[in-house]
1. So if I take the centroid of the Cα atoms in the stretch 77-106 and the same for the stretch 8-43, what is the distance between those two points in Å?
2. Got a sec? Charge dipole of the stretch 24-124, +1 on Cβ for Lys and Arg, -1 for Asp and Glu; which of Asn83, Val61, Pro95 is way out at the positive end?
3. Run through the stretch 158-193 and list the trypsin sites (Lys or Arg not before Pro) located in a DSSP loop whose Cβ has at most 13 other Cβ atoms within 10 Å.
4. Label Asn179 and Thr138 with points 7 Å out from Cα along Cα→Cβ: what is the distance between them in nm?
5. Run the quick spin-label model on Tyr105 and Asp3: label points 7 Å from Cα toward the beta carbon, then report their separation in nm to one decimal.
6. Please work out how many pairs of lysine residues in the stretch 44-193 are eight or more positions apart (or on different chains) and have Cα atoms closer than 22 angstrom.
7. May I ask you to give the solvent-accessible area per residue for the stretch 1-151, in square angstrom, as obtained with a 1.4 angstrom probe?
8. Placing +1 on the Cβ of each Lys and Arg and -1 on the Cβ of each Asp and Glu in the chain, which of Val156, Trp169, Ala139 has its Cα farthest towards the positive end of the resulting dipole?
Amino acid sequence: MVDVAYSKGLSKKTLTSLCYDLKSFCKWMRLKRISTLHPEDLKPPAGARNSVKTILQPSDVLKLFNIDTTLLRGRTVADEYVNDYRFQVVTGLRPGEIIGLRWCYIHESRCDVRRNIYKEETHGKNENAVRSFALTDTAKAVLNAQREFTGDFESVFCIKSESTYRHRWALYCSSNGINPCTPYELRHTFVSM
């Protein structure tokens, strides 16, 4: 199965996940006495490549910070999530962290990352996920614009779901001639900048 996925050109990360799932499934089958298969040495082929990351180009970043509108249901309207996209580009937060962000975690010059997409206090994806970082002047300006837009709701960006966020970002990109990337890849844009 891994060889078939490899022949289709899937990324090393996807192949690694597939190997992990297969090993876990075989372990479950051994516990249920369905099989005696031990594929613990299963790993992605040596030639597996990491996936290519798509990032916003400088012209796309300029559009993002200068265009506040999107085409929604055939009409040009103010994009209610434009500050979300901007904040993600200037801070490198993950989409789930953007969705879980609360005003109580925003301080004068600092942002604490403490919640996930499910609105739960979290220890994070890994040991680096629960953190604080200094807010740049640009990040502060984006937050000020967001507060003017939504007021003092508990949630900073009031995003309904990750799928809504992903759909609205794709719509914003197509409406404004921005080369498409995923919301998670906005994090890679931050790292590249």
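1. The distance from the Cα centre of the stretch 77-106 to that of the stretch 8-43 comes to 36 Å.
2. About the Cα centre, the residue reaching furthest to the positive side is Pro95.
3. Lys160
4. Label-label distance for Asn179 and Thr138, simple model: 1.8 nm.
5. 4.6
6. 5
7. Computed with neighbouring chains in place, this is 63 Å² per residue.
8. Trp169
The values are calculated or read from the model by the stated rules, or taken from the named source; none is laboratory data. On a predicted model such as this, the values are computed, not experimentally measured, just so you know. Here the Cβ is made from the backbone with ideal geometry for all residues, glycine too, and neighbour counts use every protein chain on show. Surface accessibility is based on the protein's heavy atoms, side chains included, excluding ligands, DNA and RNA. Shrake-Rupley method; radii C 1.70, N 1.55, O 1.52, S 1.80 Å.
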